[in-house]
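The values are calculated or read from the model by the stated rules, or taken from the named source; none is laboratory data. As the structure is a computational prediction, the values presented were derived from the model and not from experiment. Because the Cβ atoms are built from the backbone with ideal geometry, glycine has one as well, and the counts that use them run over all protein chains shown. These accessible areas exclude ligands, DNA and RNA; they are computed on the full protein's heavy atoms, side chains included. Shrake-Rupley method; radii C 1.70, N 1.55, O 1.52, S 1.80 Å.
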Amino acid sequence: MGLLGKKQAAQWVATLALNEFSHTHCFSHNKHEYALYKLEDGVYCTDNSCSHEYSPLCEGMVMDGEVYCPKHGSRFDIRTGAVVNFPATTDVKTYPTKIEDGMVWILV
């Protein structure tokens, strides 16, 4: 199998210090963008792109564990990535997170 067909193993990547953000944060790694959310029960991560029109979710309003797409108002459950409201019909991908030594890490 050539280099383009080889899948890389998942790895933990440090994003930022937990005390550096209060609600949302955009993070880029290897040309892929992620949205980080700080909720009362922990830190969560999704793809940064709305599955409907590719707007940055890290710029959306967060309320009651959901993020609202700033472009057309689609809503996604931050914990699961599930679509909560149209016009989006496809869930967004989520990524495991952990806090270690005050840093937020995501598994990509």
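Okay, residues lined up against (1) within 15 Å of residue 22 (Cα to Cα); (2) in contact (Cβ under 8 Å) with a residue 40 or more places away in the chain; (3) touching a strand residue (DSSP E or B) at 6+ places or on another chain (Cβ under 9 Å); (4) of a type in the set (S, T, N, Q):
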| position | (1), (2), (3), (4) |
| --- | --- |
| 33 | no, no, yes, no |
| 42 | yes, yes, yes, no |
| 95 | no, yes, yes, no |
| 102 | yes, yes, yes, no |
| 106 | no, yes, yes, no |
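Within region 63-103, restricting attention to residues that are hydrophobic (A, V, I, L, M, F, W, C), part of a strand (DSSP E or B) and under 23 Å from residue 29 (Cα atoms), which residue is most open to solvent (accessible area, probe 1.4 Å)? Break it down stepwise before answering.
So in region 63-103, the residues hydrophobic (A, V, I, L, M, F, W, C) come out as 63, 67, 69, 76, 78, 82-84, 86, 88, 92, 99, 103.
If we keep only those that are part of a strand (DSSP E or B) as well, we get 63, 67, 76, 83-84, 99, 103.
Add one more test, that the residue is under 23 Å from residue 29 (Cα atoms), and what stays is 67, 76, 99, 103.
Working: 67: 2, 76: 1, 99: 86, 103: 59 Å².
Here the answer is 99.
Identify the residue in region 36-62 that is in a loop (DSSP other than H, G, I, E, B) and small (Gly, Ala, Ser) and, among all such residues, is most open to solvent (accessible area, probe 1.4 Å).
51
Is at least one residue of region 4-24 assigned to a strand (DSSP E or B), out of contact with any Ser or Thr (no Cβ under 7 Å at 6 or more places or on another chain), surrounded by 15 or more Cβ atoms within 10 Å (Cβ to Cβ) and in contact (Cβ under 8 Å) with a residue 60 or more places away in the chain? Explain how you work it out, then say what you get.
The first filter runs over region 4-24 and keeps only residues assigned to a strand (DSSP E or B), leaving 12-17, 24.
Still in the running and out of contact with any Ser or Thr (no Cβ under 7 Å at 6 or more places or on another chain): 12-17, 24.
Subsequent filtering for residues that are surrounded by 15 or more Cβ atoms within 10 Å (Cβ to Cβ) retains 13, 15, 24.
If we keep only those that are in contact (Cβ under 8 Å) with a residue 60 or more places away in the chain too, we end up with 13, 15.
Yes - at least one qualifying residue is present in region 4-24.
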